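Structure, as structure tokens:
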2 protein chains.
Amino acid sequence: MSASFMHSLMNPQSIAIVGASNNPMKMGTMHALSIIKNGFKGKFYPIHPREKKVLGLKAYTNPEDLPEAPDLAIFVLPSRHLLPLFEAFGRKGTKYAIVITAGFKETGTDGADLEQQLQDIARRYGMRFIGPNCMGMVNREASLNTTVTPLVGKPGKLGLISQSGTYVAQTIVYLQKRGIHFSKAVSVGNEANVNIIDVLEYLGEDPHTTAVALYIETIRDPRRFLETARKITPQKPVIVQYVGGSEAGGRAGLSHTGAMAGKNYLYDGLFRQAGVIRVDTIEDLYAHGWALATQPPIRGNRIGIITNSGGPGSAIADTCEANGCTMPVFSQTLQAGIRPLMPPHAPCGNPVDLTFAMDMAVMTDTIADLVMKSGEVDGVVLHGAMSTGFMKAIFPNISYLLPDMTLEDILRQTDRDLSATARKPFENDIPMTVSSFFDRDDAYTLAYEDGEVPVLDAPEKAARAMGTLVRYKKIRDRTPYAHPQGMNPDPAAERIIDDALKKGQNALDEYHAKKLLACYGIPVPDERTANDLDSAVAAAADIGFPVVLKACDPEIAHKSDQQLVHLNITSADGAARAYQQIQQSAGRTIPVLVSQMINGGREILAGITWDKQFGHCVAFGVGGVLTEAINDITYRMAPVGQRDAQEMLTEIKSKKLLGHYRGMPPVDANQLSGLLVRLSQIPLLHPHIREIDINPLILSGSVPVAVDALVVLTQTD
Amino acid sequence: MSASFMHSLMNPQSIAIVGASNNPMKMGTMHALSIIKNGFKGKFYPIHPREKKVLGLKAYTNPEDLPEAPDLAIFVLPSRHLLPLFEAFGRKGTKYAIVITAGFKETGTDGADLEQQLQDIARRYGMRFIGPNCMGMVNREASLNTTVTPLVGKPGKLGLISQSGTYVAQTIVYLQKRGIHFSKAVSVGNEANVNIIDVLEYLGEDPHTTAVALYIETIRDPRRFLETARKITPQKPVIVQYVGGSEAGGRAGLSHTGAMAGKNYLYDGLFRQAGVIRVDTIEDLYAHGWALATQPPIRGNRIGIITNSGGPGSAIADTCEANGCTMPVFSQTLQAGIRPLMPPHAPCGNPVDLTFAMDMAVMTDTIADLVMKSGEVDGVVLHGAMSTGFMKAIFPNISYLLPDMTLEDILRQTDRDLSATARKPFENDIPMTVSSFFDRDDAYTLAYEDGEVPVLDAPEKAARAMGTLVRYKKIRDRTPYAHPQGMNPDPAAERIIDDALKKGQNALDEYHAKKLLACYGIPVPDERTANDLDSAVAAAADIGFPVVLKACDPEIAHKSDQQLVHLNITSADGAARAYQQIQQSAGRTIPVLVSQMINGGREILAGITWDKQFGHCVAFGVGGVLTEAINDITYRMAPVGQRDAQEMLTEIKSKKLLGHYRGMPPVDANQLSGLLVRLSQIPLLHPHIREIDINPLILSGSVPVAVDALVVLTQTD
């Protein structure tokens, strides 16, 4: 239980606060009030330099005066006053803290120094703390709310971790109005001590949390994130919004919580590798997290759509299809069961569209049950259930006809217990999302939300939330992660690198690059280097025509743009001519690579990149001359196992290329993914390798062959 | 004023309704109540077979009994009773009608017959009608609401046209709660008589409507849509959600309003060609339509972000960048103006992030003014303005400290007139969108919305709405549409087609296909056909090496997959060998095309497709072996003018390919777009041409050359 310190931090028996007063409009006071008023049962100690009583409780001048070392100390005072008090708590024996105070790393060098001192004190006294520059945390299970915003409503099942305090505090009302509730929520701020991965680990183990949502602007340790998340995601869904891929977004994040923006595509790869679902908006983060936290696991991607309105039904169908779902046409048996319940001619083949129907229970209960019990769908999206919301809307008009009735009279007539309706998904073990244009003003929305069935305020949103459940099913069903079988460094490969380094090269020449790759079982063409015309012609004859002649010099990039590559040479004469033209184009005598001509209409690429934050990553995608224009490349942190490599093959947009394609056979997926697995380990065996670029990797029939390769070295390992 | 009949239909002086009664829960009654209660000032006549009075008004048994021919008749009675009454109104002299009643084309053959009869009656009496199977219309200017849902709030500037009744009626409460209001809204239903294009034409001319939003499941006459929308969009933004591209969505739509699902990519092309902005969700349709209708036109894409919270600031920046906006770093002058207003260290370089600030006016007034007046931005996205909403949220806690104050007391203290704040965008002529997690419960949200500044409930949404304003700017700034200069049919081209048709061919052979293209100035390689070995070799020598030899037979497709193409032949021997191999591979004696070898690393495509609904369309995109895998192709209805062709070049995802690319020169955009313009006219000059496929169109340096071409014919024109 590596996250056990987080459990202690989140479950204190006693809390002290510095920065609360009797002024209700001060931040510190608001934080304290949330603790006092939202049900915390433990001891609570305000620290105040002058006041005898704060918020009706005895106040203490200094931490030293406290009758005990509180489990948790909360700081909401200006940063310049913080350190001595923080240290005083350390001396007192307090082990956990939340530093709400801003003015640290996010403000520049001085702030960074201050943050370093804070970290030093914590280390000295063995303290763990959240923040600084955060909004606190919520633990519904412990009835503990340290944010500024009062909590209402019941505890939920969604755990939230946020690098923005807003999404833990400012959105509390937003969430309550949408029926979304947390189990626990942590605003991590600058992550000087506790970081998102610590909290992720904790929530991954927390039995009260069934799904974890993260708002992220940077991941400071991607490798630990990967290892932590990878363990959680097969059992518990993790969903993330990552913001910061753009230049201006990064600028914003940097000054916000001191975050460094990273490369969007590397984050994408990391999340896929970890089995983490990425969404693009805070709305989806909350809403899809809610659906993941509350709904029974979906068993397939067959969706039934039940609606009383055609437009939303079409939109749900369209959006479901775009999000990996299918909408099977219902069997004749099921349709025969539904049809008598519907207006004449109303369609019941999926979507079931009741058109404008006034008896909602037929739709929400009878038909929902029939569809869920049919065995023909794995999930249901329902649109249009409404009762009191619609009544309230039309009352101003119909009251004209009912002068003796109040709105309340009418609502009382309309009212019925809808809790059984909201239990349908759980009784039938079929997940459901609901689309409604009516909010909690309507009894149906209220009953569904309070019954833990997500209601979204547009049909497309309910469909996309269902799509996220299907995405998670694929993650849950993945082959368990297996670390790639260890490879040993090949002595020949080591020699190649050592020689190049000794010569001061910052890259291997093409010949040696491919020799190195061949050491690790990566298919390369039969080839020789030649330093003069005769040996070039002899090499060509030896290899067998057709051959390719290329300049072979580590200093020359983009050979094909400079007439330094001659393809498809079919004769000794041709080889001689090509040799001479290469020397001429180069303007000096350079070695030539004579290589077997590899035919194949499909050019892909595989490679290793290096990033300051992510280290070595493996890349796979569409290669050849179109590489930069099409930019269809997917990434993973190195090394990858067979499962990850297989997933890479299926997630490029142009994946059709790898199947039966224009009369060409499908790629040997085992061979290609095996190549990626081995490639991904090479830089770990040879720390001097910075980058590898195999492009094109030509599909010769179904077999990938590395036709060109670049290996970039670094003198420091 | 071709839409003048719509003006009469939307502005009746007298209305009759069939189907209203004194039962408040009947649809017909609700429609009638909306007319009576929502301010209609004209005469209103209920028709009822038995009642003497309906809703307090004298009821008439038959249309014949009416004292006048009402301008508009509304029908909400079962379809089987409709026709005689509809005809009676025709006889009486009523010219306009709304048929709410469902049970027509959308239900199958019998319904379609009924709809045909309705159309026949209308034609006989010169009537125009909306529906059947619709929810009516709203004209705020005339205080006329014929839907079931009462309207509250003030008139808006957004005009809405919907093929789903739900989006005109069921969402009224949803829209009111978001502060969105219509000028006019029309539910067109089955479009038996009045269709979306009629209404679009009308709203395009309507001075009370500043933007038009359409919910579309099918466009029955794409050409008229194009011509109508193309005229409107340079002056007035048109935004559309099209649903129905998916198989299940199409199934839903078909049974919904009898709509036929169409090809998503053709709709995409149509909307671009027409200057119509497409969005994917009903939420965006309303919200972005609202922004377009209310905000001053944006003059560029430089966006200033003002926030009091870092997370939303980053999300806005990221989303703006992904939606075509830039976030320039503010000048030192501007920053110096802002900095004194901010907490120390808070960033003011754009985003301006006040962090948690309690004095909202600094952000919403002082800083907003500074940024808007700076000349450094074209639009502003603002996040986090809140007052009473936050007070209400924290009141349960702070009331503890303020036992003598009620919430109302506190709100009174907080209250100030925010209408000047909401006028900032209009006074400064800088469009603004606002992101807030607080709804109309908060005084800021209320003031902005009622002041016609759109407030969205998430930062990403406010940013995307701003992106839509920038998209519209590009449409407004387009070169005015000019019809392509007419071409005349080339007699040589006519001969080629006639010959092929006479021989019963359903396609031209490659040689003649390119000859035909050459007639219209499309560059093709120098080439000859050869029927024997000697003439093949002679042709090769004549053209000059290197050459290409290919099988030339209209019956053979995918030549390169079958060893029927030999590239880069450099000698007479090679030509002879290639000729023999082609005969061998074909298994019979076939003609061979000897062609100049065109070199160039970039393969694109251009073509003509034919669709039942859209007719001939022109296609442009990435060509070569990757065509199907990458599927990066854009479409337009034929013919296209120079402007449209130029736009096609810039909208493919791989457009980098057309620029300076890997040492290759940029494509000659005039030449390439000119090629598309001419190509797009060919099928109009030669009605027997069904499809043209030029793939690859190789960029030889900067010049596109049609290296392979297929022309598909149809015997009927």
Qualifying residue in the stretch B:134-146 (condition: modelled with pLDDT of 95 or more, surrounded by fewer than 24 Cβ atoms within 10 Å (Cβ to Cβ) and assigned to a loop (DSSP other than H, G, I, E, B)): yes
Only listed residue being touching a His at 6+ places or on another chain (Cβ under 7 Å) and not assigned by TED's automatic domain parsing to the domain that holds A:G275, chosen from A:T414, A:T421, A:T468, A:T433: A:T468
Among residues of the stretch A:144-189, those that are touching a Phe, Trp or Tyr at 6+ places or on another chain (Cβ under 6 Å), small (G, A, S) and away from chain B (no Cβ under 12 Å), counted: 1
Lone qualifier among A:K37, A:K41 - being surrounded by fewer than 23 Cβ atoms within 10 Å (Cβ to Cβ) and within 14 Å of chain B (Cβ to nearest Cβ): A:K37
Selection count, the stretch A:678-690, where residues are touching a strand residue (DSSP E or B) at 6+ places or on another chain (Cβ under 9 Å) and either aromatic (F, W, Y) or farther than 16 Å from A:D498 by Cα (or both): 2
Condition check for B:M386: in contact with a helix residue (DSSP H, G or I) (Cβ under 9 Å, 6 or more places away or on another chain), closer than 30 Å to B:V470 by Cα and within 12 Å of chain A (Cβ to nearest Cβ): yes
Odd one out for A:L456 among (1) under 30 Å from A:E647 (Cβ atoms); (2) over 23 Å from the mean Cα position of the chain (by Cα); (3) assigned by TED's automatic domain parsing to the domain that holds A:S309: (2)
Considering residues of the stretch B:306-346 that are within 7 Å of another protein chain (Cβ to nearest Cβ) and among the charged types (D, E, K, R) only, the residue nearest to the chain's Cα centre (by Cα): B:E321
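Take B:R416 and decide whether it is more than 23 Å from B:P297 (Cα to Cα) and either modelled with pLDDT under 95 or assigned to a helix (DSSP H, G or I) (or both). Walk me through it before giving the result.
Working: more than 23 Å from B:P297 (Cα to Cα): yes; either modelled with pLDDT under 95 or assigned to a helix (DSSP H, G or I) (or both): yes.
Criteria met by B:R416.
Kindly check whether there is at least one residue in the stretch A:476-494 that is touching a strand residue (DSSP E or B) at 6+ places or on another chain (Cβ under 7 Å) and more than 14 Å from chain B (Cβ to nearest Cβ).
Filtering the stretch A:476-494 down to residues touching a strand residue (DSSP E or B) at 6+ places or on another chain (Cβ under 7 Å) leaves none.
So far as the stretch A:476-494 goes, no, none of its residues is touching a strand residue (DSSP E or B) at 6+ places or on another chain (Cβ under 7 Å) and more than 14 Å from chain B (Cβ to nearest Cβ).
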Within the stretch B:330-352, considering residues that are assigned to a helix (DSSP H, G or I) and of a type in the set (S, T, N, Q), the one surrounded by the most Cβ atoms within 10 Å (Cβ to Cβ): B:Q335
Count of the stretch B:597-613 residues which are farther than 21 Å from B:A629 by Cα, of a type outside the set (A, V, I, L, M, F, W, C) and over 30 Å from the mean Cα position of the chain (by Cα): 1
Residues being free of Cβ contacts under 8 Å to residues at least 40 places away in the same chain, away from every other protein chain (no Cβ under 14 Å) and touching a Ser or Thr at 6+ places or on another chain (Cβ under 9 Å) - total across the stretch A:190-227: 2
Those residues of the stretch A:353-380 which are closer than 13 Å to A:N308 by Cβ, more than 10 Å from chain B (Cβ to nearest Cβ) and either buried (at least 22 other Cβ atoms within 10 Å of the Cβ) or not β-branched (V, I, T) (or both), in sequence order: A:L354, A:A357, A:D359, A:M360, A:A361, A:M363, A:T364, A:I367, A:A368
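Does A:E628 fit the bill of being over 23 Å from A:V712 (Cβ atoms) and either buried (at least 23 other Cβ atoms within 10 Å of the Cβ) or among the acidic types (D, E) (or both)?
Taking the combined requirement at face value, the residue does not satisfy it.
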Selection from the stretch B:323-353 of residues that are in contact with a Gly (Cβ under 8 Å, 6 or more places away or on another chain) and under 23 Å from A:M135 (Cα atoms): B:P344, B:H345, B:P351, B:V352, B:D353
Scan of the stretch A:156-173 for residues that are modelled with pLDDT of 95 or more and surrounded by fewer than 24 Cβ atoms within 10 Å (Cβ to Cβ), ordered by number: A:K157
One residue from A:A606, A:A586 being more than 11 Å from every other protein chain (Cβ to nearest Cβ), touching a helix residue (DSSP H, G or I) at 6+ places or on another chain (Cβ under 9 Å) and surrounded by fewer than 21 Cβ atoms within 10 Å (Cβ to Cβ): A:A586
Enumerated strands (runs of 3 or more DSSP E) restricted to the stretch B:522-639, each holding at least 1 residues that are assigned by TED's automatic domain parsing to the domain that holds B:Q671 and free of Cβ contacts under 8 Å to residues at least 12 places away in the same chain: none
Within the stretch B:118-128, considering residues that are closer than 16 Å to B:P84 by Cβ and touching a helix residue (DSSP H, G or I) at 6+ places or on another chain (Cβ under 6 Å), the one surrounded by the fewest Cβ atoms within 10 Å (Cβ to Cβ): B:Y125
Per-region count, the stretch B:438-475, residues more than 13 Å from every other protein chain (Cβ to nearest Cβ) and not in a helix (DSSP H, G or I): 4
Failed criterion for A:L118 (all others in (1) within 14 Å of chain B (Cβ to nearest Cβ); (2) under 21 Å from A:S164 (Cα atoms); (3) among the hydrophobic types (A, V, I, L, M, F, W, C) hold): (1)
Checking A:T149 against (1) at pLDDT below 95; (2) more than 26 Å from A:A211 (Cα to Cα), the condition it does not meet: (2)
Close pairs from the stretch B:656-681: first over 17 Å from B:N599 (Cβ atoms), partner of a type in the set (D, E, K, R) and surrounded by fewer than 20 Cβ atoms within 10 Å (Cβ to Cβ), Cβ under 8 Å, at least 6 apart: B:K656/A:E628
Selection count where residues are of a type in the set (A, V, I, L, M, F, W, C), within 20 Å of the chain's Cα centre (by Cα) and not in a loop (DSSP other than H, G, I, E, B), scope the stretch A:152-200: 10
Sole exception among (1) assigned to a loop (DSSP other than H, G, I, E, B); (2) out of contact with any strand residue (DSSP E or B) (no Cβ under 6 Å at 6 or more places or on another chain); (3) modelled with pLDDT of 95 or more; (4) more than 30 Å from A:A112 (Cα to Cα) for A:G204, by number: (1)
Single residue of A:I36, A:I74 found to be in contact with a Ser or Thr (Cβ under 8 Å, 6 or more places away or on another chain), under 18 Å from A:Q13 (Cα atoms) and outside any loop (DSSP other than H, G, I, E, B): A:I74
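Pick from B:L151, B:L114, B:L160, B:L118: which is closer than 15 Å to B:M6 by Cβ and of a type in the set (A, V, I, L, M, F, W, C)?
Working: B:L151 fails: closer than 15 Å to B:M6 by Cβ; B:L114 fails: closer than 15 Å to B:M6 by Cβ; B:L118 fails: closer than 15 Å to B:M6 by Cβ.
Every option except B:L160 fails the conditions.
The values are calculated or read from the model by the stated rules, or taken from the named source; none is laboratory data. None of these values were measured; they are calculated from a predicted model. Glycine gets a Cβ as well: all are built from the backbone with ideal geometry, and neighbour counts include every protein chain shown.
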